[in-house]
Structures are given as C-alpha cells and as structure tokens.
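**Q** The structure's right below; bear with me while I get my questions together.
The values are calculated or read from the model by the stated rules, or taken from the named source; none is laboratory data. The model shown is predicted, which means the values in this text are computed figures rather than measured ones. Ideal geometry is used to build each Cβ from the backbone, glycine not excepted, and the neighbour counts take in all protein chains shown.
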Ligand SMILES: [Zn+2]
C-alpha cells in the first residue's frame with residue numbers, strides 16, 4: 001500500500017520516496033505526495049526522479065487498500081529500492097485544495113437552501129470545480145445570493161479537518177462545522193484560505209443543473 005503523505009500534509013510539494021516497483025515506464029512508490037485522480041479531483045502534475053509524470057492511477061481491488069501507479073514520460077533511470085525525489089506543481093495543488101474545499105461548502109449551502117438533490121457528477125480541476133445535479137428549476141436568479149452567503153462563510157475562517165476512518169485507513173472523512181462527508185481529496189485547513197469564489201450556472205439539459213465554482217483571484 002502506497003503511504004499517502006498528501007493526506008497527512010496536503011501542503012507538501014516535495015518528498016523523497018523509495019521506488020518499490022518498476023514496469024517499463026510505470027512505477028510505484030512506498031510513499032507519495034502526488035495525488036491520483038479520485039473523487040472528481042484531478043491528479044497532480046510533477047516529476048519523480050526528475051522525470052515528468054504522465055498519469056497517476058489508483059490501483060487495487062479493495063477500496064480501503066490503494067496503491068498508486070505512476071506513468072512516466074520515459075523509462076526511469078532509477079531502480080527498485082532507489083530513493084527518488086517527488087515534486088508536484090505547487091500552484092496547481094494550491095488551487096485544487098481551495099476549489100475542492102469550496103465545492104464541499106457550496107454543496108452544503110445548496111442543500112440547506114434547496115433540499116438534498118441527487119448529484120450526477122463532479123470534477124475539480126485547477127481552473128474550476130463543477131457540480132452537476134438533478135434539479136427542476138433554474139438557479140440563475142438565486143446564484144448571486146448563494147455566492148454572497150458562501151463568501152461570507154469563507155471569510156469567517158472556519159476550520160476544515162480531514163481524518164482517516166477508524167476502521168479503514170484508506171477511507172477519509174472531511175469535516176467542517178456540523179458537516180461531514182467521506183472524501184479522500186486534498187483540502188485547505190481553514191475556509192479563509194479559499195478567498196472569494198464566483199458561481200456560474202450552465203444549462204446541461206432539462207431537469208439538470210451545473211454549477212461551476214471559480215476562485216476570485
Ligand atoms: Zn471531496
């Protein structure tokens with residue numbers, strides 16, 4: 001099982017690790033800061049042993065024991081057992097952290113106002129977060145008030161905590177005030193770090209709504 005340092009410290013942007021498997025251009029590490037696409041959050045970008053990582057994929061048939069396999073740009077010049085330096089794009093991680101936390105907070109503000117709706121998709125990229133859900137009304141004229149309420153909440157500086165499940169080490173929980181949901185993403189420690197957000201609505205078909213969340217800076 002790959003030890004996930006991005007959970008213990010989602011602010012780390014460099015670490016050393018040991019290569020535990022090499023298969024052509026693919027490698028696995030004993031520990032990592034490099035997030036692999038999961039729960040709608042896109043993978044980090046960066047290098048392992050100075051080689052650009054092309055993709056990061058979760059491996060394993062049990063949800064609570066997960067390895068991460070990295071596809072490299074070229075066959076590595078390091079061997080199994082060697083220490084390598086893992087580096088990730090700091091700016092990208094910072095934006096992913098802020099947007100992922102913002103997406104959760106948006107969700108709770110939304111359901112408190114409009115009731116629980118079925119989520120049919122979500123994605124967190126460096127540029128924006130989006131949440132798709134089944135909803136019969138247009139949110140256009142409600143967005144401004146929602147955005148204002150969320151921004152006031154963010155500014156107040158609420159603590160965000162992520163921690164492992166007591167039974168399954170690779171299952172994580174996200175907490176903020178009274179809200180709690182399972183999530184293995186990388187998050188900020190305080191809502192203040194998110195800054196201001198902007199909400200946009202997209203029409204993606206009858207009975208469906210897409211809300212996009214952008215960072216204010
Ligand atoms: Zn999440």
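**Q** Residues in segment 98-118 that are exposed (fewer than 14 other Cβ atoms within 10 Å of the Cβ) and touching a strand residue (DSSP E or B) at 6+ places or on another chain (Cβ under 8 Å): how many?
**A** Number of matching residues: 1.
**Q** So which pairs qualify, if the first residue must be in segment 177-191 and modelled with pLDDT under 95, the second must be more than 11 Å from the ligand (Cβ to nearest atom), the Cβ gap must be under 7 Å, and the two must be at least 6 apart or on different chains?
**A** Note: pairs meeting the criteria are 182/171.
**Q** Checking residue 2 against (1) surrounded by fewer than 14 Cβ atoms within 10 Å (Cβ to Cβ); (2) at pLDDT below 95, which test does it fail?
**A** Here residue 2 meets the rest and fails (1).
**Q** Further question on the same structure: Can you confirm whether segment 63-71 contains a residue that is farther than 19 Å from residue 171 by Cβ, surrounded by fewer than 16 Cβ atoms within 10 Å (Cβ to Cβ) and either within 16 Å of the ligand (Cβ to nearest atom) or modelled with pLDDT of 95 or more (or both)?
**A** There is at least one residue in segment 63-71 that is farther than 19 Å from residue 171 by Cβ, surrounded by fewer than 16 Cβ atoms within 10 Å (Cβ to Cβ) and either within 16 Å of the ligand (Cβ to nearest atom) or modelled with pLDDT of 95 or more (or both).
**Q** If you don't mind, another one. Which is more than 14 Å from the chain's Cα centre (by Cα), touching a residue at least 60 places away in the same chain (Cβ under 8 Å), under 30 Å from residue 24 (Cα atoms) and surrounded by fewer than 21 Cβ atoms within 10 Å (Cβ to Cβ), of 79, 132, 136?
**A** On inspection, the qualifying residue turns out to be 79.
**Q** Using the structure shown, decide if residue 125 is surrounded by fewer than 19 Cβ atoms within 10 Å (Cβ to Cβ) and modelled with pLDDT under 95.
**A** No, not satisfied.
**Q** Let me ask another. Consider residue 155 carefully, then state whether it is over 14 Å from the mean Cα position of the chain (by Cα), at pLDDT 95 or above and outside the structural domain of residue 36 (by TED's automatic domain parsing).
**A** The answer is yes for residue 155.
**Q** While we're on this one: Look through 149, 170, 217, 165 and report the one residue that is out of contact with any strand residue (DSSP E or B) (no Cβ under 6 Å at 6 or more places or on another chain), within 16 Å of the ligand (Cβ to nearest atom) and on the phi < 0 side of the Ramachandran plot.
**A** Checking each option against the conditions leaves just 165.
**Q** Of the numbered conditions (1) outside the structural domain of residue 152 (by TED's automatic domain parsing); (2) without any contact (Cβ under 8 Å) to a residue 60 or more places away in the chain; (3) on the phi > 0 side of the Ramachandran plot, residue 115 fails exactly one; give the number of that condition.
**A** Result: residue 115 fails condition (1) only.
**Q** Could you say whether any residue in segment 89-99 is within 30 Å of residue 206 (Cα to Cα), out of contact with any helix residue (DSSP H, G or I) (no Cβ under 7 Å at 6 or more places or on another chain) and either touching a residue at least 24 places away in the same chain (Cβ under 8 Å) or in the same structural domain as residue 11 (by TED's automatic domain parsing) (or both)?
**A** Yes, some residue in segment 89-99 is within 30 Å of residue 206 (Cα to Cα), out of contact with any helix residue (DSSP H, G or I) (no Cβ under 7 Å at 6 or more places or on another chain) and either touching a residue at least 24 places away in the same chain (Cβ under 8 Å) or in the same structural domain as residue 11 (by TED's automatic domain parsing) (or both).
**Q** Being part of a loop (DSSP other than H, G, I, E, B), away from the ligand (no atom under 16 Å from the Cβ) and crowded, with 21+ Cβ neighbours inside 10 Å is the filter here, so list the residues in segment 34-55 that pass it.
**A** Within segment 34-55, 34 is the sole residue that qualifies.
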